[in-house]
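Novice: Before anything else, here's the structure in question.
The values are calculated or read from the model by the stated rules, or taken from the named source; none is laboratory data. Please read all numbers here as calculations on a predicted model, not as lab measurements. Please note: Cβ atoms are built from the backbone with ideal geometry, for glycine as well, and neighbour counts cover all protein chains shown. Please note that ligands, DNA and RNA were not included when accessible areas were found on the heavy atoms of the full protein model with its side chains. Shrake-Rupley method; radii C 1.70, N 1.55, O 1.52, S 1.80 Å.
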Amino acid sequence: MSKHSKTFRLVASILLTLLPIILFFVYFQTYKVNYPQHEEHYFTSFMVHWPTMSWDDRITGLFAQGFGHRYPYARLISLFSTWLHGGELDYTHTMVGGILYFLAFYALFLYLFYKNRIPLLYATPLLFLLFQPQLRVYVFWALTNQLYLPSLFFSMLAVWLVTRDGWWRIPLAVIFQWIAVGGFSSGLFGYGAVGLVLLIRRKYLPLLIWTGIAVLTAALYFRNYMHPGWGLPAPDPTVTPPPYWLQAIYFAIYTGSLFVYKNFLLNIDTFRQPIFWVPLLSGVLAWVLIALGLGKSTRAIRSGARERMRRYPSSMPPPPVHYRVALFFVGTAALLLVTCYLIVVARTSSAVGGQVLSDRLKIYPVIVLGLAYLGAFMVFNTARSRTIIFSVALPLSVLAWLGSYYFQLGDTQYDTRLRQAHLFNYGSNENSYLGDYGIWGGRTQQFNYRNMKEAERIGLYQIKYLPYLQNATPGPLAEVPPVETRYDSTSNSFTFSLPGFRPEQQEQRHYYLLLKNDNYQFVFPMQAPVNSLTNFVKTGRYLYGDLLFSVQAVTLPAQTFQLGTLYYDGANPRYRMQRDSLRVPEWTGDRW
């Protein structure tokens, strides 16, 4: 090979590696909004009261429960971020943690490839699986990158540490495992994975010490524990579990859920639909490769491949599996198997399995696919076989990556506009609430309202919202059409639409619903659904259909509103109010 050819391949490899990372970072910078979601209001409250708390209260608050979890890692991240940015808690700063963890997972697999003498370029498909909008929740909802990601990553690091002797390895593994448990309760499963590796290596004294630390950690974690079904994945005794054959199908679909781009209904009647064929087959293939990799790992461990690896010069063909990689593979496979299975059992019933498709749980299937990909190289270890594996995996991962951007970009645009609208609604209305969940005026919203107002007052949280109605003028009917309303009594929700109105693609993001009376003025984004690939090819339109907005009635005050439509492009807002009125029904249930 000539010098120019080598240079070209090197440059092409670097560009291929950087492409998904750079695009994902641009994607993040484009759509990020400093907007606290759900449990992040707890952290805002914690930070508001931190300066006036005693150290006893601070330690208690650091490990306090919320929704059945303990959040010491997330609260420490909030403290560090606030200190780093001069006393301001900006959630767009902690969102970056998702990108950093994606890089960390990739670096870990890259090191495993290096130890097993697999060309590092062959790890590139993992980048296309990690840096894609299917995993955007770990970035745009900062809390999730402080729960699931450290829980899994530091457990895997602990497993790697104990694959080799060293006086400092067990203490460091303990620290990593504490971080994992402090991230999320499923980090407790890491103790079992590490213990399995120590058992295989016949390190009985370290195993005894490790077991004692695991029991102590679990006892402290579950002390005065509440809401067990919301924390550590565990079967709910009040729900009839699916039969084992259906659990296996849900398990396989969950493993391949990265290839389900929309939140489709999954249950005993729908799992046969073609939309689930690809994830089902992907999940089965992944676990078959992991099973084969476990066979190779077992043989490598038994044959003492560690010693032979030391004697192998780089010019000779490598042995099938590095000894430490084999141990890591066994421990991590056990960790993922138990975690994924209990997620399936805890989030499904005999009729419904849709929660296994939750976006916040997709990091586990991604790492399962990564481990299966590593297992394929361990099983088929000739140079020709490895080239074929890479040649197949790269285009497939790129296709999945492109599909993710196509199907998720529209949803991302909508989510960003919705969060900006929530900020406006909170900032421009007295007695309004920052959030899109909870009963209007209920306990959750009242708690959030008090703490966010106090956070604003002391400068901890700085709200920035768009001036949607500033200098707005009445617009013509052709440009600002009337909105139609449909109420669904079953779900107690409203759907608003602009039927038959088809503005240009770039213009769609400028249309909003107006709800206005003497007490409130609310703005909500309207957007058409993402077009199917078939219709996109035919029409050339990415967003297709009526502009829509749906909202649960309970998240609005029980009042009568005048309906309207707003066109806001940042420069010359125009609106049209209608004679129609909307009556939001009173909620008579629990005001949580």
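Novice: Suppose the filter is open to solvent by 10 Å² or more (accessible area, probe 1.4 Å), more than 22 Å from A74 (Cβ to Cβ) and at pLDDT 90 or above; does T211 pass it? Please lay out each step first, then the result.
Specialist: Numbers: open to solvent by 10 Å² or more (accessible area, probe 1.4 Å): yes; more than 22 Å from A74 (Cβ to Cβ): yes; at pLDDT 90 or above: yes.
Yes, satisfied.
Novice: Moving on to the next point. For R574, are the conditions met, namely being surrounded by 15 or more Cβ atoms within 10 Å (Cβ to Cβ), free of Cβ contacts under 8 Å to residues at least 24 places away in the same chain and among the basic types (K, R)? Reasoning before the result, please.
Specialist: Numbers: surrounded by 15 or more Cβ atoms within 10 Å (Cβ to Cβ): yes; free of Cβ contacts under 8 Å to residues at least 24 places away in the same chain: no; among the basic types (K, R): yes.
No.
Novice: From the set of residues in segment 408-436 that are at pLDDT below 90 and touching a helix residue (DSSP H, G or I) at 6+ places or on another chain (Cβ under 7 Å), which is most open to solvent (accessible area, probe 1.4 Å)?
Specialist: D436
Novice: Please state which one of V523, V584 is touching a helix residue (DSSP H, G or I) at 6+ places or on another chain (Cβ under 7 Å), open to solvent by less than 10 Å² (accessible area, probe 1.4 Å), at pLDDT 90 or above and farther than 15 Å from Q508 by Cβ.
Specialist: After ruling out the rest, the residue left standing is V523.
Novice: From the list Y122, Y106, which one is assigned to a helix (DSSP H, G or I) and farther than 15 Å from A376 by Cα? Reasoning before the result, please.
Specialist: Numbers: Y122 fails: farther than 15 Å from A376 by Cα.
Exactly one residue qualifies, and that residue is Y106.
Novice: Of the residues that make up segment 142-158, is at least one open to solvent by 20 Å² or more (accessible area, probe 1.4 Å) and either over 23 Å from R324 (Cβ atoms) or touching a residue at least 60 places away in the same chain (Cβ under 8 Å) (or both)?
Specialist: no
Novice: State the number of residues belonging to segment 535-559 that are within 23 Å of F407 (Cβ to Cβ) and either open to solvent by 30 Å² or more (accessible area, probe 1.4 Å) or part of a helix (DSSP H, G or I) (or both).
Specialist: Qualifying residue count for the region: 12.
Novice: Right, another one. Name the single residue, out of those in segment 28-55 being part of a helix (DSSP H, G or I) and farther than 20 Å from G87 by Cα, that is nearest to the chain's Cα centre (by Cα).
Specialist: Checked segment 28-55; the qualifying residue nearest to the chain's Cα centre (by Cα) is F28.
Novice: While we're here: Looking at segment 358-366, is at least one residue more than 24 Å from R136 (Cα to Cα) and in contact with a Lys or Arg (Cβ under 8 Å, 6 or more places away or on another chain)?
Specialist: no
Novice: If you check D546, D569, which single one turns out to be assigned by the TED database to the domain that holds G500, of a type in the set (D, E) and in contact with a strand residue (DSSP E or B) (Cβ under 6 Å, 6 or more places away or on another chain)?
Specialist: On the way: D569 fails: in contact with a strand residue (DSSP E or B) (Cβ under 6 Å, 6 or more places away or on another chain).
Among D546, D569, only D546 is assigned by the TED database to the domain that holds G500, of a type in the set (D, E) and in contact with a strand residue (DSSP E or B) (Cβ under 6 Å, 6 or more places away or on another chain).
Novice: Can S532 be described as of a type in the set (S, T, N, Q), in contact (Cβ under 8 Å) with a residue 24 or more places away in the chain and open to solvent by 10 Å² or more (accessible area, probe 1.4 Å)?
Specialist: Values: of a type in the set (S, T, N, Q): yes; in contact (Cβ under 8 Å) with a residue 24 or more places away in the chain: no; open to solvent by 10 Å² or more (accessible area, probe 1.4 Å): yes.
So S532 fails the test.
Novice: Among the residues of segment 503-517, what is the count of those that are aromatic (F, W, Y) and either outside any strand (DSSP E or B) or over 11 Å from D569 (Cα atoms) (or both)?
Specialist: Matching residues across segment 503-517 total 0.
Novice: Could you list, in sequence order, all residues of segment 332-366 that are modelled with pLDDT under 95 and of a type in the set (G, A, S)?
Specialist: A346, S349, S350, A351, G353, G354, S358
Novice: Let me ask something else. Within segment 105-116, track down each residue that is open to solvent by 20 Å² or more (accessible area, probe 1.4 Å) and over 20 Å from the mean Cα position of the chain (by Cα).
Specialist: Going residue by residue through segment 105-116, those that are open to solvent by 20 Å² or more (accessible area, probe 1.4 Å) are 106-107, 110-111, 114-115.
Within segment 105-116, L110, Y111, Y114, K115 qualify.
Novice: Related question: Of the residues that make up segment 117-134, is at least one of a type in the set (A, V, I, L, M) and over 18 Å from I14 (Cα atoms)?
Specialist: No, the conditions are met nowhere in segment 117-134.
Novice: Are any residues in segment 460-510 under 32 Å from the mean Cα position of the chain (by Cα) and on the phi > 0 side of the Ramachandran plot, and if so, which ones?
Specialist: N492
Novice: May I pose another question? Residues being closer than 22 Å to H69 by Cα and not hydrophobic (A, V, I, L, M, F, W, C): count how many of those fall in segment 22-55.
Specialist: Matching residues across segment 22-55 total 11.
Novice: Scanning for something free of Cβ contacts under 8 Å to residues at least 24 places away in the same chain, within 18 Å of G370 (Cα to Cα) and more than 16 Å from the chain's Cα centre (by Cα), does segment 117-136 turn up at least one residue?
Specialist: Taking every residue of segment 117-136 in turn, at least one turns out to be free of Cβ contacts under 8 Å to residues at least 24 places away in the same chain, within 18 Å of G370 (Cα to Cα) and more than 16 Å from the chain's Cα centre (by Cα).
Novice: Let me ask you something else. Go through (1) open to solvent by less than 10 Å² (accessible area, probe 1.4 Å); (2) farther than 30 Å from L18 by Cα; (3) part of a helix (DSSP H, G or I) and name the single condition T163 misses.
Specialist: (3)
Novice: If we keep just the residues of segment 62-103 that are touching a His at 6+ places or on another chain (Cβ under 9 Å), over 29 Å from V26 (Cβ atoms) and part of a loop (DSSP other than H, G, I, E, B), which is most open to solvent (accessible area, probe 1.4 Å)?
Specialist: Among those residues, the one meeting the criterion is F67.
Novice: Follow-up. Among (1) modelled with pLDDT of 80 or more; (2) on the phi > 0 side of the Ramachandran plot, where does F67 come up short?
Specialist: Only one criterion is unmet by F67, namely (1).
Novice: Take segment 195-207 and flag every residue that is surrounded by 12 or more Cβ atoms within 10 Å (Cβ to Cβ) and not β-branched (V, I, T). Steps first, please.
Specialist: Restricting attention to segment 195-207, the residues satisfying the condition of being surrounded by 12 or more Cβ atoms within 10 Å (Cβ to Cβ) are 195-201, 203, 206-207.
G195, L196, L198, L199, R201, K203, P206, L207, listed by residue number.
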